[in-house]
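Written below as structure tokens is the structure these notes are about.
Coordinate-derived values only; no laboratory data. Small disclaimer: the values here were computed from a predicted structure and weren't measured. Cβ placement follows ideal geometry from the backbone for every residue including glycine, while neighbour counts extend to all protein chains displayed.
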Amino acid sequence: MTATSAARSGGTTSSTTAARTARKFLTRILFVLAMVVVGFFFALPLAWLVTAPFSKVPTLTVSWPDWTLENFRVLTENPYALTSIGNSLILGFGTIAVVVTTGSLAAYALSRVRIPGRDGLLYGLLLLSSVVTGTAAMVPLFQLMVATGLINTQTGVVLALSGGVLPTVIFILKDFMDSIPKSYEESARLYGAKPHQILRHVVVPIARPGLAFVAVWALVQVWGNFLLPFILLRSPESQPAAVIMYTFYTESGQADLSLISAFSLVFSIPVILLYFLVNRRYGFRFHGGIKS
Amino acid sequence: MATAHARSSGRRSRRRPDDVAGLGRTGAGTFLVPALALIGLFLIFPALWTIYLGMTDYRLTGLAAADPQFIGLENYRQVLADAEFWRSLRLTLIFVLGSGVLGQTLLGFCVAWSLRRLPRLAKGLIETLVLAAWVVPTSVGSFLWLALLDRHEGTLNWLLDTPGTAWLIEYPMASIIIFNIWVGTAFSMLLFSSALGAVPPSQLESSRMAGASTWQQLRDVVIPNIRGHILTNTLLITLWTFNTFTPYLLTAGGPNGASEILPVYIYRTAIPGGQLGVGAAISLLMLLINLVIALVYMRIGREKKT
Amino acid sequence: MATIATTTLVKEYPGGVRGVDGVDVTIADGEFFALLGPSGCGKTTLLRSIAGLEAITEGTLHIGEVDVTQAEPGERGVAMVFQDYALFPHMDVADNIAYPLKIKKVKKSERRAKAVDVADGLALDGLSLRRPGQLSGGQQQRVALARAVATEPEVLLLDEPLSNLDARLRLEARTFLKELQRDLGVTTVFVTHDQAEALALADRLAVMKAGRLQQVGTPQEVFGRPANTFVASFIGSSPMNLVTTTIADGAVPVGQGTVPLPEGLTQADGREVIWGARPEYLRWSAEEVPVGVPAEVSVTENLGASALVTAVSGQEKLQLVVPEEDAPGPGDAGWVVASARRSLLFDPETTERID
């Protein structure tokens, strides 16, 4: 012990100290540089979204905006733009409502009751959901909606989207609920609370950060989802923003950048706002951490 | 006497639920039903139906649309003999490895790790930027990249002073890989941030006191502590990347199929190509590949526990 | 208020592990009863079985005159304070205390009033609008107690009630608990791994090991006349001296000397026994004594008013507590003297006490 510490202090001459300081300084510079590059990488594409909507004549190049709101006036004149945002809200909040209620019930049961094959079931569904939501399920879903008369209805899209995101929702929520100490529920149970009361009074309030996370996550999924509403909703009046956005830059021949830039921003803002609001409030922690 | 009575089988058959919530199997079942019904109808049924469709000559238009015929494994034979399928599979693997496993996971971890040592303001800024890229709707995000990489007016060409470079045509795979890293890194960053927060500081401190370098701390303390998180993260990212359709919005699989990953290949076969049956068959192959990936991860996960 | 009685109570987990393995115990009305044992001995499982949080595999449980073996936890008239207190973080103190009343559908104004009332009684005045996170450990514990007693339970269960408090607070809380229990007169069962806590608080205690009861008795009985060597070494701030030896000449050879046979016992020469005596009941003599164990002091540990002396005699190590001013130093030679009234014999085969 004394020998090693003596050896160590003996080795620390002033020249190595200087070298060490220099190296530390250099590492720091490199670190800051790397962070700047990372920040720049993520910021660069986003710059257009912030500048173009406020330019008099938006181009694809990022340039300093003129801070005009003219493009937004163009947007309000478009018959589909604002209704499509409304449609996106309906789909988004409809899905959140379905997914959070059914998902938290299921996640709670899976978290607290030993059900044989539980993990296998969860993983199987998770796997399936990540595969089937894409192109694979297009045709069967279309046929199913036609058969049940849900084609061209918001309800149909909400249900189909819910089915797709539910496994992930359950997976994440179960993780949150696993991290809630069981003594809370046991305590409530001792005072005679029924399962539904325990859920309402204790589990849901405590799992609120998890529910918020899942709600926002689901909203982000739905908000940007293009394929399902594109297939299942045929009339432009009921189509959400993601579909309308696509028609804006494909169907009008020469892309109308005034419309597209303003619409991009309006379309992005609600979900970004909500996201950061919830993030600030609950600070997206994965509570106990997702266990595998 | 009381004991004898209590021990009788009649008593034991109506055992109380033995879980914290007092739900019991029946209660748990009731809680599960709504979610499972939705999943069953809109997830499992389409998946099963795909199996059936994959064995028919179902087409979008024409005779086979009205009256599809059962043709057994013919579609699979056709797909497996198709060079385009194998190219697509190769491209998908490159895409998943590059953008998912290496890109998102690694970058997400590095950002999460670095954020801990940044001042509040810088931390908030970088976190916001990374999250914003994730949260922006994909159709907007892809248009942003179309604008950035545009041949004539794109900001990237202006910045690098390389006018006329058509990035999406000359480097289609690199473009969609980088695009996907941009979109998805936030998830890994969030997950690893919380995982790193859960690493006991005492372990890090004792390894620092033992004189471990940053790299050694990572290897000996951090990684073992967050192994479960790394596995889950990589699994989810792999599956999500494998099945994402978004690159279509950038390159539409082109030029000449040079960025035609499997989801795009399925779409082009099934919808513009009209061969729904073949599309379903490829979907099923993709599902099987996903299954293999998931099983491998679960295997590794299980080994960890023993 | 009620008695608690179990008959051959068994809690078996899936896989056949028995947390509680055939426990028969009767706890009297109004008694303060401790379940004591090392971790994993089944004491918490037994407590949770009484609460109804664990389904009982075999046997019966009566609270009062009622068979509650299969009753739901909420139907048993029990209240429990958990080790982590389980205070709901999203409710203020008054709502926490009033929660059981909410389940019983008491009107909001009424239950808030009652909660404030109970809180005041537990020295929680003025805290009713705080969240649990804003309270000290001692306050949290009192809130948990308040919530438990607000229901006026027949049985109060406490799981390691003092383990989350720091040492100073623990003594205070101990006194507080004992007073509270006496004032309420409620039958109380508490679980602890700390023998000092059990001895100090309980009217009677049960020592458990591997899911089975080892001894049930008053603190005096368990301390003074442990039923077997496990209890003997588990109870007491320093464990009982236990020496395996063979009776010779009507006395007990220990180390290089002898100690007298315990009072009232006659044992045949040649019988193998375990001799036991608490360090507190052994004496140190610097001068030679007629019956004693010559020994040399190896370590002296200061305990404040007294000292714990470890003395070696031959192969044996004996520990004794002596008044601090008489404590010998390391290397000192002398005699360890045992009293016939205060020593015990155990059977080496069964480890049971020989009477």
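Just a few scattered comments:
- Residues of chain C were split at every exposed loop site, defined as GluC sites (Glu not before Pro) in a DSSP loop with at most 12 other C-beta atoms within 10 angstrom, and the longest piece left, sites excluded, is C:66-262.
- For chain B, the 222 nm mean residue ellipticity estimated from helices alone, with every DSSP H stretch of n ≥ 4 adding -39500 (n - 2.57) and the total spread over all residues, rounds to -20500 deg cm²/dmol.
- Beta bridges assigned by DSSP with both partners in the stretch C:4-227 are antiparallel in approximately 50 percent of cases.
- Point-charge dipole on Cβ atoms (K/R +1, D/E -1) for the protein assembly as shown, about Cα centre, debye to 20: 2120 debye
- Working note: 222 nm ellipticity from helices only, DSSP H runs with n ≥ 4, each -39,500 (n - 2.57), summed and divided by the residues of chain C, gives -7000 deg cm²/dmol to the nearest 500.
- The stretch B:139-286 shape via C-alpha gyration tensor axes, a/c threshold 1.5: oblate
- Among the trypsin sites (Lys or Arg not before Pro) in the stretch B:77-169, those located in a DSSP loop and surrounded by at most 12 other Cβ atoms within 10 Å of their own Cβ are B:Arg116, B:Arg117.
- The stretch B:31-80 and the stretch C:277-355 have their alpha-carbon centroids 85 Å apart.
- Percent of Cα pairs exceeding the 44 Å cut-off, where the set is the protein assembly as shown: 50 percent
- For chain C, leaving out every one of the trypsin sites (Lys or Arg not before Pro) that falls in a DSSP loop and has at most 16 other Cβ atoms within 10 Å, the longest unbroken run is C:131-270.
- Based on Cα contacts under 8 Å between residues 6+ apart, chain C shows a relative contact order of 16 percent.
- Taking the average, over residues, of other Cβ atoms within 10 Å as the packing measure, peptides A:55-62, A:114-121, A:95-102 rank A:95-102, A:55-62, A:114-121 from highest down.
- Cα centroid separation - the stretch A:192-224 against the stretch B:239-258, whole Å: 34 Å
- Positive-end residue of C:Ala338, B:Ser193, C:Ile274, charge dipole of the protein assembly as shown with Cβ unit charges: B:Ser193
- Measuring max minus min along each principal axis, the C-alpha atoms of chain B give extents of 93, 69, 31 Å (largest first).
- Gyration tensor (alpha-carbon) shape descriptor, the stretch A:12-68, a/c threshold 1.5: prolate
- In chain A, helices alone account for a calculated mean residue ellipticity at 222 nm of -24000 deg cm²/dmol, with every DSSP H run of four or more residues adding -39,500 (n - 2.57).
- Furthest towards positive pole of dipole, B:Leu262, B:Asn157, B:Ser202, structure part the stretch B:74-305, Cβ charges: B:Ser202
- Computed about its Cα centre, the charge dipole of chain A is approximately 1520 debye, with only Lys, Arg, Asp and Glu carrying charge at their Cβ.
- Counted residue by residue at 0.36 nm each, then reduced by the alpha carbon distance between them, the extension gain from C:Ala210 to C:His90 reaches 39.4 nm.
- Mean Cα-pair separation over length for chain A, i.e. relative contact order, pairs under 8 Å, 6 or more apart, %: 27 percent
- Exercise: per-residue mean of other protein chain Cβ atoms within 10 Å, C:7-16: 1
- With a 10 Å cut-off around each Cβ of B:142-154, the average count of Cβ atoms from other chains is 6.
- Distance between modelled label sites at A:Thr68 and C:Ser237, nm, 7 Å Cα→Cβ extension: 8.8 nm
- Note on B:258-271: average number of Cβ atoms from other chains within 10 Å of each residue's Cβ is 2.
- Label point distance in nm, A:Phe40-C:Ser339, each placed 7 Å from Cα along Cα→Cβ: 8.7 nm
- Peptides A:63-72, A:156-165 ordered by average Cβ neighbours within 10 Å, highest first: A:156-165, A:63-72
- Summary of the geometry: the stretch C:1-24 and the stretch C:165-207, compared by the centres of their Cα atoms, lie 23 Å apart.
- Taking packing as the residue-averaged number of other Cβ atoms within 10 angstrom, the listed peptides A:85-94, A:219-228 run from highest to lowest as A:219-228, A:85-94.
- Label point 7 Å beyond Cα of C:Thr244 along Cβ direction - residues of the stretch C:322-355 with amide nitrogen under 19 Å: C:344-354
- Antiparallel %, DSSP beta bridges [both residues in the protein assembly as shown], to 5: 75 percent
- Candidates A:Ala47, A:Ala193, A:Ala107: whichever shows maximal mean-square fluctuation once chain A is modelled as a Gaussian network with Cα springs under 10 Å: A:Ala193
- Once the Cα gyration tensor of the stretch C:1-160 is diagonalised, semi-axes √(5λ) in Å: 31, 17, 14
- Candidates B:Pro263, B:Pro201, B:Pro172, ranked by Gaussian network fluctuation over chain B, Cα under 10 Å, top entry: B:Pro201
- Inverse of mean 1/r across different Cα pairs in chain C, Kirkwood, Å: 22.7 Å
- The label point for B:Ala37 and the one for C:Asp24, both projected 7 Å from the Cα toward the Cβ, are 5.3 nm apart.
- All-pairs Cα distance distribution in the stretch A:165-237, expressed in whole percent, bin size 10 Å: 17, 35, 23, 15, 8, 1
- Stretching the chain fully between C:Asp332 and C:Asp166 yields a gain of 56.0 nm (0.36 nm per residue, less the alpha carbon separation).
- Charging the Cβ of each Asp and Glu at -1 and of each Lys and Arg at +1, and nothing else, the dipole of chain C about its Cα centre rounds to 1520 debye.
- With N counted as the residues of the stretch A:73-282, its alpha-carbon radius of gyration over 2.2 N^0.38 Å works out to 1.18.
- Stretched out straight at 0.36 nm per residue, the stretch from B:Ile169 to B:Val199 would grow longer than its current Cα-Cα span by 6.3 nm.
- Relative contact order [Cα under 8 Å, 6+ residues apart], the stretch B:74-305, whole percent: 30 percent
- Of the residues C:Phe33, C:Gln70, C:Phe88, the one whose Cα sits farthest towards the positive end of the charge dipole of the stretch C:1-104 is C:Phe88 (charges of +1 on Lys and Arg Cβ, -1 on Asp and Glu Cβ, taken about the Cα centre).
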